[in-house]
Amino acid sequence: MEELEKIEQEIKEALETAKSKEALEKIRIAYLGRSGKLTAILRSLKDFSVEERRKTGAAANKLRTEIEKVLDEKEKKVIGKEGGRGEDITLLVLPKDKVYFGSLHPLTIVGRDIKKIFTSMNFSVAEGPEAETEYYNFDALNIPANHPAREMWDTFWVKSQTDAKDGKNLLMRTHTSPVQIRFMEKHKPPFAIIAPGRVFRYEATDSSHEINFHQVEGLAVDKKISLANLKFVVEEFFSRFFEEKLSFRFRPSYFPFVEPGVEVDIKLPGEEKWLEVMGAGMVHKRVLEGVRIDSEKWQGFAFGMGVERLAMIKYGIPDIRLFYSGDLRFIKQF
Ligand code: FA5
């Protein structure tokens with residue numbers, strides 16, 4: 001009995017200080033393991049007198065049950081604190097915990113929709129680089145250096161990089177219009193393409209302006225193409241994309257690479273506000289000549305639309321900055 005009391009004291013002290021799963025396991029082995037101290041006492045009971053065996057046996061068994069209980073409880077607490085590392089983690093996922101599935105980003109959904117609509121209208125899809133040369137982003141689009149129109153696009157210039165081909169500086173493309181030039185250099189008309197992609201502008205952000213957004217360029221060159229064809233394609237696109245009839249307007253505007261130039265606004269459903277969604281026009285004679293397309297024989301229309309703006313109207317998104325906020329509450333709605 002004396003031995004038992006000593007062991008009980010020892011274990012209590014050891015349990016006080018044990019803070020990890022390993023420490024608790026050590027206690028279990030030292031006292032309850034095959035060669036543990038308490039196990040040894042239980043084993044030696046057979047050598048005791050009946051009287052002693054009954055008394056000591058009952059006390060030893062009681063102590064063992066108590067220790068097991070305390071060890072189990074402590075272990076649960078420690079696992080909780082350690083976050084269950086190295087444990088069977090399925091035990092830690094409670095039935096009430098929800099599992100969320102990923103979903104497509106609204107810009108991915110809208111990008112796919114736009115491509116589907118235009119390819120069904122016989123447009124092909126072209127691409128161009130995001131880090132572009134000054135030549136394709138500006139010069140070839142009838143915007144020479146020092147032309148005031150360059151102010152229309154606040155540019156992120158790429159530091160200390162020049163393009164080997166024309167020695168011009170590299171920049172992050174400010175619009176998808178350079179893809180028009182790249183495509184026309186390599187293809188003979190007639191053709192109709194769209195060029196979706198990311199564009200960059202060094203400008204202040206607000207609810208409808210981002211420094212990094214997406215455009216879809218459109219370009220169709222053929223014989224006898226007119227502004228009426230552009231209007232038809234835009235109208236057809238809107239009715240399929242929005243799946244409802246929205247009011248839109250063409251406004252005269254200016255872009256050096258088109259003549260005449262227009263801008264297109266859509267009236268926000270249920271509001272008195274209009275949102276500009278694209279710039280467009282008839283491809284400028286000088287642009288066609290620059291890529292050796294006979295402007296007497298061929299005409300073209302071109303447009304560049306803001307993808308985020310279209311998504312904002314379609315889904316009623318009030319602020320363009322939400323697209324890149326990384327806020328799951330926003331993303332999960334799509
Ligand atoms: C252009 O970028 C011309 N390249 C469009 C064009 C193409 C004209 C072909 C003629 C022929 P603009 O800077 O207006 O134009 O931009 C086109 C569209 O992109 C805008 O109508 C708007 O919908 C969207 N956009 C422009 N700036 C931003 C911005 N900071 N954030 C989000 N969307 C923008």
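The values are calculated or read from the model by the stated rules, or taken from the named source; none is laboratory data. Source: prediction; values computed, not measured. For neighbour counting, all protein chains shown are included, and Cβ atoms are generated from backbone atoms with ideal geometry for every residue, glycine included. The protein model used for the area step is the full one, side chains on, heavy atoms only, and it has no ligands, DNA or RNA in it. Shrake-Rupley method; radii C 1.70, N 1.55, O 1.52, S 1.80 Å.
Residues checked against (1) open to solvent by 20 Å² or more (accessible area, probe 1.4 Å); (2) on the phi > 0 side of the Ramachandran plot:
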site	(1), (2)
SER207	yes, no
GLY218	no, no
ALA228	yes, no
PHE250	yes, no
TYR254	yes, no
GLY270	yes, yes
TRP274	yes, no
ARG286	yes, no
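Could you tell me which residue of the stretch 102-123 is surrounded by the fewest Cβ atoms within 10 Å (Cβ to Cβ), considering only residues that are part of a loop (DSSP other than H, G, I, E, B) and not small (Gly, Ala, Ser)? First the steps, then the outcome.
Filtering the stretch 102-123 for residues part of a loop (DSSP other than H, G, I, E, B) gives 102-105, 121-123.
Narrowing the set further to residues that are not small (Gly, Ala, Ser) leaves 104-105, 121-123.
Details: LEU104: 12, HIS105: 15, MET121: 15, ASN122: 9, PHE123: 21.
Out of the qualifying residues, it is ASN122.
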Quiz item: Within the bounds of the stretch 200-218, is there any residue that is part of a strand (DSSP E or B), within 14 Å of the ligand (Cβ to nearest atom) and touching a His at 6+ places or on another chain (Cβ under 7 Å)?
Solution: yes
Quiz prompt | Counted residues, the stretch 237-248 - those being more than 30 Å from the chain's Cα centre (by Cα) and surrounded by 15 or more Cβ atoms within 10 Å (Cβ to Cβ) | solution = 1
Quiz item: If you check every pair at least six apart or on different chains, which have Cβ atoms under 7 Å apart with a residue in the stretch 23-44 that is touching a residue at least 24 places away in the same chain (Cβ under 8 Å) and in the same structural domain as GLU66 (by TED's automatic domain parsing) first and a residue that is open to solvent by 50 Å² or more (accessible area, probe 1.4 Å) and among the basic types (Lys, Arg) second?
Solution: LEU24/LYS74; TYR31/LYS37; LEU32/ARG64; LEU38/ARG64
